[in-house]
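Reviewing the structure listed below.
The values are calculated or read from the model by the stated rules, or taken from the named source; none is laboratory data. Since the model is a prediction, treat every value here as computed from it, not as a measurement. As a convention, Cβ positions derive from the backbone with ideal geometry for all residues, glycine included, and neighbour counts pool all protein chains shown.
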Amino acid sequence: MKEIIINNKTIYYGENAKENTELIKKFQEEGITGFWYHLADLPSPHGFYLAGKLTKDEMIQLGQFFLLKIKNKIPKDIKTFYLDYTELSNVVTTKTHGLVILKSSKQIKIITSNPV
């Protein structure tokens, strides 16, 4: 598990699909509440802010950070990016590491000043 700090808020994230799934299960089994974040339709880290919900600007910063982490895996035809977010209780793991089902979620557009 890694972490990034945005505006003095610690966001945890997994570095690979297996770790993403393990973090979801760990936090849910421990009854920890918070929010889950992930780049929509891309193989990105799963982020966890366990003290509420990030602001719009913080979510954009997190999404930009995730884009940098996966810049070599982004198909060249994708120009618009979105960050999925939901309460951790709405995330259901599957047998495939990193693949989840969301009971409900929202999205925010990630604005990139520098193309990835």
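Structure summary
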quantity: Residue match in the range 12-22 (condition: out of contact with any helix residue (DSSP H, G or I) (no Cβ under 6 Å at 6 or more places or on another chain), under 22 Å from Thr112 (Cβ atoms) and surrounded by 15 or more Cβ atoms within 10 Å (Cβ to Cβ)); calculated: yes
quantity: In the range 80-114, residue surrounded by the most Cβ atoms within 10 Å (Cβ to Cβ) [restricted to those that are of a type outside the set (Ser, Thr, Tyr) and without any contact (Cβ under 8 Å) to a residue 24 or more places away in the chain]; calculated: Leu102
quantity: Total residues in the range 23-47, condition among the charged types (D, E, K, R) and either buried (at least 20 other Cβ atoms within 10 Å of the Cβ) or outside any loop (DSSP other than H, G, I, E, B) (or both); calculated: 3
quantity: Test: residue in the range 48-60 that is surrounded by 17 or more Cβ atoms within 10 Å (Cβ to Cβ) and modelled with pLDDT under 95; calculated: no
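For every residue, the table says whether it meets (1) over 18 Å from Ile5 (Cβ atoms); (2) in contact with a Phe, Trp or Tyr (Cβ under 7 Å, 6 or more places away or on another chain); (3) among the basic types (Lys, Arg).
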| site | (1), (2), (3) |
| --- | --- |
| Gln28 | yes, no, no |
| Gly34 | no, yes, no |
| Ile78 | yes, no, no |
| Lys95 | yes, no, yes |
